[in-house]
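Below you'll find the structure, written out as structure tokens, and then a few comments.
The values are calculated or read from the model by the stated rules, or taken from the named source; none is laboratory data. These numbers were taken from a predicted model, which means no experiment stands behind them. So basically every Cβ, Gly included, is an ideal-geometry build from the backbone, and we count neighbours across all protein chains shown. These area figures cover heavy atoms from the full protein model, side chains too; ligands, DNA and RNA do not enter into them. Shrake-Rupley method; radii C 1.70, N 1.55, O 1.52, S 1.80 Å.
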Amino acid sequence: MKPETAAIHALHLTQSSTGDVTMPISLSTTFLRGEDGGYPGGHMYSRVSNPNRSALESVITALEFGEDSCAFSSGNTAGMAVFQALEPGSHIIAPDDMYWGFKKQLQSIFAATLTFDFIDLTDHSAVANHIKPNTALIWAETPSNPLLKITDIEALAAICKKHQLIFACDSTFASPSLQNPIKLGAAIVMHSTTKYIGGHSDVLGGCLTTARKDEFWEKIKNIQQIGGAVPSPFDCFLLLRSLKTLAYRMKGHCENAEKLAQHLAQHPKIAGVYYPGLASHPQHEIAKKQMNGFGGMLSILVNGDAIAARTVVNKVSLFAQATSLGGVESLIEHRASVEGPDTKTPQNLIRISVGLEHIDDLIADLDQALAFV
């Protein structure tokens with residue numbers, strides 16, 4: 001099935017006592033045990049598994065062309081499960097512009113148990129040069145947050161295969177509709193389901209999908225089930241609902257973002273636009289090769305400093321000044337002030353999550369805000 005169809009029919013229609021076409025919410029925390037000690041319904045306790053969570057994991061697995069998935073209570077807990085599954089003393093190679101939440105995890109929670117180098121993953125020779133005897137994982141993020149760098153997934157997969165490393169890819173900005181890292185050689189793909197998979201800024205979650213069920217995956221699954229940082233049945237229900245429209249929402253996000261990026265690239269108040277759909281983007285050809293669309297995220301550099309950037313985000317009316325991304329409404333933020341004093345993000349950078357409003361209204365709103373700079 002094509003992704004648009006799989007998102008709706010991967011579960012197939014199942015007969016229930018009430019004949020539901022849409023899967024009902026199962027709120028039970030515990031399930032009946034049979035006389036033989038087994039569980040005829042396939043579930044024992046909702047921390048371990050739940051009908052709604054199993055259904056969500058099944059659909060995401062199908063959309064990412066993997067063998068299994070684990071859903072978590074947030075994107076941060078999903079990524080953290082990968083780090084927790086590594087042996088103490090393991091070395092990680094991660095992007096120099098890694099999502100700040102994961103970077104903070106490594107620098108604080110895992111500082112005593114793991115070692116890591118943050119490097120430019122678009123420089124393949126630098127990646128190879130940083131591999132050590134204890135290197136266990138390369139963690140990629142493409143497109144990256146907030147600089148929209150594009151990592152060549154196939155190239156990194158080849159490096160990982162050569163050195164027998166685990167290759168995990170954060171594909172949140174792309175969603176399963178635009179990019180499938182497992183088909184390009186990744187071992188694990190991660191999503192913050194809060195973003196495009198949820199798509200309506202009303203549910204928190206994360207997920208991991210594996211290319212194959214190996215020993216490392218069993219460690220991750222154990223962390224999910226025993227650690228218990230899992231989404232609620234209602235959260236899973238909302239995410240399943242949203243997945244059905246993901247492909248069509250992404251088409252709208254991509255169309256609006258590309259038009260907005262092209263407009264801003266010509267704007268006299270803008271010093272630069274980071275969007276992989278622009279021919280001027282350094283990794284534009286790689287994005288064309290490995291993505292089905294260029295996404296709904298872009299970042300811009302305003303002429304001036306942090307004050308100029310914050311002036312713009314304070315003067316818009318349609319764009320909501322808020323953290324997060326991937327919802328139907330457009331969001332805007334001065335990213336450096338979110339990440340704190342040790343951020344590597346330029347002070348004049350504004351990150352934009354382009355929503356599904358009419359593009360003419362979005363352009364007009366940004367134009368009037370930029371007039372104050």
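Summed over segment 249-261, the residues that are under 18 Å from Arg351 (Cβ atoms) and either touching a residue at least 40 places away in the same chain (Cβ under 8 Å) or not charged (D, E, K, R) (or both) give a count of 7.
I need the full set of residues from segment 190-220 which are crowded, with 24+ Cβ neighbours inside 10 Å, assigned to a loop (DSSP other than H, G, I, E, B) and not polar (S, T, N, Q), in order please. Within segment 190-220, Tyr196, Ile197, Gly198, Gly199, Gly205 qualify.
For the residues Ile286, Ile300, Ile223, the requirement of being outside any helix (DSSP H, G or I) and at pLDDT 95 or above singles out Ile300. Among residues of segment 354-373 that are within 16 Å of Ala261 (Cβ to Cβ), those with a beta-carbon under 6 Å from a residue that is charged (D, E, K, R) and surrounded by 18 or more Cβ atoms within 10 Å (Cβ to Cβ) at least six positions away or on a different chain give the pairs Leu370/Lys269. Scanning segment 299-319 for residues that are within 22 Å of Gly75 (Cα to Cα), hydroxyl-bearing (Ser, Thr, Tyr) and open to solvent by less than 60 Å² (accessible area, probe 1.4 Å) turns up at least one hit.
In segment 157-181, of all residues being of a type in the set (A, V, I, L, M, F, W, C) and touching a Ser or Thr at 6+ places or on another chain (Cβ under 9 Å), the one that is surrounded by the fewest Cβ atoms within 10 Å (Cβ to Cβ) corresponds to Leu165. Against the numbered list (1) open to solvent by 20 Å² or more (accessible area, probe 1.4 Å); (2) farther than 30 Å from His130 by Cβ; (3) at pLDDT 90 or above, Asp20 comes up short only at (3).
In segment 154-164 there is no residue that is assigned to a loop (DSSP other than H, G, I, E, B) and in contact (Cβ under 8 Å) with a residue 12 or more places away in the chain.
Scanning segment 114-152 for residues that are more than 19 Å from Arg335 (Cβ to Cβ), open to solvent by less than 40 Å² (accessible area, probe 1.4 Å) and either in contact with a Cys (Cβ under 7 Å, 6 or more places away or on another chain) or without any contact (Cβ under 8 Å) to a residue 12 or more places away in the chain (or both) gives Ala126, Ile138, Ala140. From the list Leu238, Leu264, Leu243, the one residue that fits, being of a type in the set (A, V, I, L, M), touching a Gly at 6+ places or on another chain (Cβ under 8 Å), open to solvent by less than 40 Å² (accessible area, probe 1.4 Å) and at pLDDT 95 or above, is Leu238. Filtering segment 43-57 to residues that are open to solvent by 40 Å² or more (accessible area, probe 1.4 Å) and either of a type in the set (Lys, Arg) or at pLDDT below 90 (or both) leaves only Arg47. Close Cβ contacts (under 8 Å, 6 or more residues apart or on different chains) running from residues in segment 195-217 that are at pLDDT 95 or above to residues that are surrounded by fewer than 22 Cβ atoms within 10 Å (Cβ to Cβ) and assigned to a strand (DSSP E or B) comprise Thr209/Asp68; Thr210/Asp68; Lys213/Asp68; Phe216/Ile166; Trp217/Asp68. Across segment 58-67, the qualifying residues are those that are under 17 Å from Ile197 (Cα atoms) and either over 17 Å from the mean Cα position of the chain (by Cα) or among the hydrophobic types (A, V, I, L, M, F, W, C) (or both), and the one among them that is most open to solvent (accessible area, probe 1.4 Å) is Phe65. Among the residues making up segment 329-371, those that are surrounded by 15 or more Cβ atoms within 10 Å (Cβ to Cβ) and among the β-branched types (Val, Ile, Thr) are Ile332, Thr343, Thr345, Ile350, Ile352, Val354, Ile359, Ile363. Can Trp100 be described as at pLDDT below 95 and among the hydrophobic types (A, V, I, L, M, F, W, C)? Yes: the conditions hold for Trp100.
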